Amino acid sequence: MKLLNKIFHKKIHVSSSRIIILGFFLAIICGSLLLMLPISSAEGHGTPFLDSLFTATSAVCVTGLIVHDTATYWSGFGQAVIITLIQIGGMGIVTIAVAFARLSGRKIGLMQRSTMQEAISAPHVGGIVRLTNFILRTTIAIELIGAIILYPCFLSEFGPLKSIWYSVFHSISAFCNAGFDLMGIREPFSSLTAYASHPVVNIVIAFLIIIGGIGFLTWEDIKIHTYHLHKYRMQSKTILCVTSVLIVVPAIYFFFAEFSRNTWGDLSLGERTIRSFFQSVTPRTAGFNTVDLTLLTEPGQVITILLMLIGGSPGSTAGGLKTTTVAVLFASAFAVFTQKPNGHLFHRRIPDNTIHYAATILLMYIVLFLSGGLLISCAEGLPVLPSLFEAASAIGTVGLSMGITPQLGILSRIVLICLMFFGRVGGLTLVFAAISNKHHAASKLPQEKITVG
């Protein structure tokens with residue numbers, strides 16, 4: 001047996017990228033099979049495979065797009081399956097696997113450490129097990145604090161026992177940037193619209209989204225260096241700056257251009273502020289909504305699409321292009337405008353291959369986003385903007401919708417499933433998994449200039 005194992009390991013090499021993809025795929029399939037069981041639905045009947053697959057993919061990929069209302073369609077068991085898939089997808093398949101290996105007393109080998117490094121976008125392999133422990137402790141602590149604060153908000157309406165479940169469910173869903181909710185008992189697919197003016201629910205959910213979307217590496221930097229900002233890694237500084245801009249600037253727009261209109265009724269200053277703040281946070285891959293998104297103006301919907309595509313930060317529970325990708329592209333463009341040889345951030349030069357990766361990721365996201373949206377529009381006979389909104393929500397693993405998801409046909413649902421999987425696993429991970437990099441050419445082709453722009 002030992003000899004066979006040695007031969008097997010010598011013959012077959014599974015890259016870190018393929019392990020990550022396989023892990024997400026297996027989690028989705030297992031979740032789909034569990035959701036198909038009669039015990040998973042509230043009415044006690046089996047759920048069609050495509051519906052289960054869509055829901056499981058949305059949960060594992062922490063998206064939030066749904067074809068059935070989570071509160072009314074799924075039983076307590078089904079909801080437990082969904083929130084478990086969200087927790088696994090949010091923390092990462094590899095993180096969960098390493099955690100179980102540690103609990104069972106197994107040693108973490110170099111291959112597992114390398115896979116973990118790629119899964120959470122860590123800068124190096126050293127200290128990866130310690131970082132895993134930090135991720136687990138931080139996740140549990142933040143989700144517990146969030147649930148404790150949310151509990152009194154739900155207590156008067158749902159009672160003491162049910163409020164515990166609602167608090168835990170929404171805390172996990174918010175921290176993992178998933179967007180699944182249990183508020184459909186009032187009105188199916190209503191999300192958090194009943195709490196649009198509730199300051200505690202809005203602030204707690206928004207901060208859970210932000211904390212989850214910043215990334216564990218940034219929080220480790222904050223934990224180690226506290227307020228000594230100059231000691232932070234360039235990546236952490238970039239993430240904090242870009243995140244702040246992406247919260248403040250859209251919030252100002254929503255405050256003055258959207259929620260000042262008569263469409264929303266006579267909102268007080270506090271209500272406008274809360275809604276503007278929440279609406280600037282939730283598109284960053286969270287998926288909760290406190291307002292009817294169809295009432296936004298077209299510019300407001302386009303801004304929401306852009307925020308969904310950008311998403312969160314590397315090594316976080318969020319998806320999307322990532323804040324660092326956008327920062328690198330802007331830094332590179334600024335270097336071209338100012339005729340400097342290299343892009344830089346915080347007095348640090350950005351490597352050329354990082355710029356190449358960022359440009360590739362942007363191109364992949366734009367092509368898939370546009371292709372998916374146009375395909376949905378053609379297949380369903382829907383206007384282009386709502387279809388693009390749905391595609392951006394899927395590939396950005398957001399979960400916001402303009403209400404068309406439950407009515408989509410088989411082809412459109414398959415398109416969204418593929419976009420959600422791509423958005424969570426990551427474009428470069430899929431490319432590196434599909435293309436072997438064992439053989440590199442030693443020579444270079446002749447160079448010739450080509451005019452661009």
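The values are calculated or read from the model by the stated rules, or taken from the named source; none is laboratory data. In this text the structure is predicted, and so the values were computed from the model without any measurement. Backbone-built Cβ (ideal geometry, glycine too); neighbour counts: all protein chains shown. Remember, those area values only see protein heavy atoms, side chains included, never the ligands or the DNA or RNA. Shrake-Rupley method; radii C 1.70, N 1.55, O 1.52, S 1.80 Å.
Tabulated data for the structure shown
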item: Those helices (runs of 4 or more DSSP H) lying entirely in the stretch 379-453 with at least 1 residues surrounded by 12 or more Cβ atoms within 10 Å (Cβ to Cβ) and at pLDDT 95 or above; result: 384-395, 410-425
item: Number of the exception - Phe369 against (1) within 18 Å of Gly312 (Cβ to Cβ); (2) not in a helix (DSSP H, G or I); result: (2)
item: Residue count, the stretch 130-156 (criterion: β-branched (Val, Ile, Thr) and without any contact (Cβ under 8 Å) to a residue 40 or more places away in the chain); result: 4
item: Helices (runs of 4 or more DSSP H) wholly inside the stretch 239-351 that include at least 3 residues being under 30 Å from Ile93 (Cα atoms) and open to solvent by 10 Å² or more (accessible area, probe 1.4 Å); result: 298-310, 323-337
item: Check on Phe24, modelled with pLDDT of 95 or more and in contact with a helix residue (DSSP H, G or I) (Cβ under 7 Å, 6 or more places away or on another chain); result: no
item: Some residue of the stretch 114-130 being open to solvent by less than 40 Å² (accessible area, probe 1.4 Å), modelled with pLDDT of 90 or more and not in a helix (DSSP H, G or I); result: no
item: Residues of the stretch 220-242 satisfying the condition of being among the charged types (D, E, K, R), farther than 15 Å from Phe346 by Cα and without any contact (Cβ under 8 Å) to a residue 60 or more places away in the chain; result: Asp221
item: Selected residue (criterion: most open to solvent (accessible area, probe 1.4 Å)) from residues of the stretch 215-232 that are under 23 Å from Gly343 (Cβ atoms) and touching a helix residue (DSSP H, G or I) at 6+ places or on another chain (Cβ under 6 Å); result: Lys231
item: Residue within the stretch 167-174 that is surrounded by fewer than 17 Cβ atoms within 10 Å (Cβ to Cβ) and free of Cβ contacts under 8 Å to residues at least 40 places away in the same chain present; result: no
